[in-house]
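**Q** One structure is given below, represented as C-alpha cells, and several questions about it will come after.
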Amino acid sequence: MHIAKGVLIAALVPGPALAQFDREAKPATIVVSATGSVESAPDRASLSVSIRGEGKTADAATSALATRQKAIFSGLRSLDPTVEIRTGAVSIREAHAGDCNGSDPFVMGSAEEVADNLDAAADALSLMADDVAKDTPGRTGKKDCTVVGRVARIQATIIMRSVKDAGTAVGLAGRLGAGSANIDDFSLSDDSNASNRAVAKAMTVARAKAQAIAVASGAKLGGIVSVDDNSERAMHVTLADVEMRSPAVMMPPPIAIEVSPKPVETSARLTVTFAIDQ
C-alpha cells in the first residue's frame, strides 16, 4: 500500500514541477581540472657505492673489503659529517681462471662482474704461465677451470645533506677503493612545504578557469562544492651524470667536482567543482 501511494503521488506531480525539483536537487556546477608546479632547491643527494675486496681466501677477501669500506666511509664523513650510510647486499664468490666450459675464464656475466674478475687476473695469469712452462709438446696448453681466489662485495647507499659535495664524494669514493660510485638523484628531505605551494597554485589556476567559464556563459561563479586531489605529488629532478669506476691512487686532498642540480619540481593536480549562483 505504501508503494502504491508513492507511485500515485509521483504521477500527480506535473512534469515542469519534477524538472524544477531535479534542478533544485542538483544545482548547476562548473568542474575544472588544474595543475600547479613549483620548484625548490634540493637539499639531499643520494649516492650508490659498490665496494669489493679480493684475496686468495675468503678471509683475505673479506678483510680487504672491510679495510676499503672503512676508508671510504671515513672519507665521505670528512666531506659531510651528517652523511647517512645504509649498507645493503653483501656477497662473496669464487674467482675462476682457465678453461671454464669454453667460456672466458674471467667473464662471469655482467660488466661489474667482469671488473671483479679482472682483480684476480694477475694471479690467474701467473698460474697459467707456470702451467704452460711445464707443458710437454704433446699437451694442448689448456688449463682446467680452477678457483684462483675469492671476491667479496657490499653495496651501500649514501645520503648527503651537503649537496654541493656530492660530485666530490663520487671521486673520493673511487680514489679510496670503491668499485663503482655514482649519484642516483637529488631530492627534498621534506617536500610538504613544496606540496602545499603546488596545491595552492593549482587552486588559483582552477579558480581562474572556472571564472572564465562562468563569465563566458553569463553565470555567476559561486563557492567550492568539492575538491579532488588526484595527483601523486610528482617530483622531478635532472640528475648530474657523474660516475666513477675503478679506484685511483690515494692523493689528498679530494678533487672537487662541482655539481649544479636543477631545482626539484613538485606538482599537484586538482579537480575542483564550483557552484553557480542563480
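Every read-out reported here was derived from the displayed coordinates using simple, explicitly stated rules and does not represent laboratory data. All figures in this text were calculated on a predicted structure; none of them were measured in a lab. Cβ: placed from backbone, ideal geometry, glycine included. Neighbour counts: every protein chain shown.
**Q** Loop-only trypsin sites (Lys or Arg not before Pro) in segment 43-94, please: DSSP not H, G, I, E or B, and at most 15 other Cβ atoms within 10 Å. Before the final figure, lay out each step's value.
**A** Numbers: sites: Arg44, Arg52, Lys56, Arg68, Lys70, Arg77, Arg86, Arg93; in loops: Lys56.
Loop-located and lightly packed - Lys56.
**Q** Based on the mean of other beta carbon atoms within 10 Å per residue, what is the order of 212-218, 264-270, 27-33, most packed first?
**A** Those peptides, ordered most packed to least, come out 264-270, 27-33, 212-218.
**Q** Give the order of Lys201, Lys164 when sorted by the count of other beta carbons within 10 angstrom, beginning with the fewest.
**A** Lys164, Lys201
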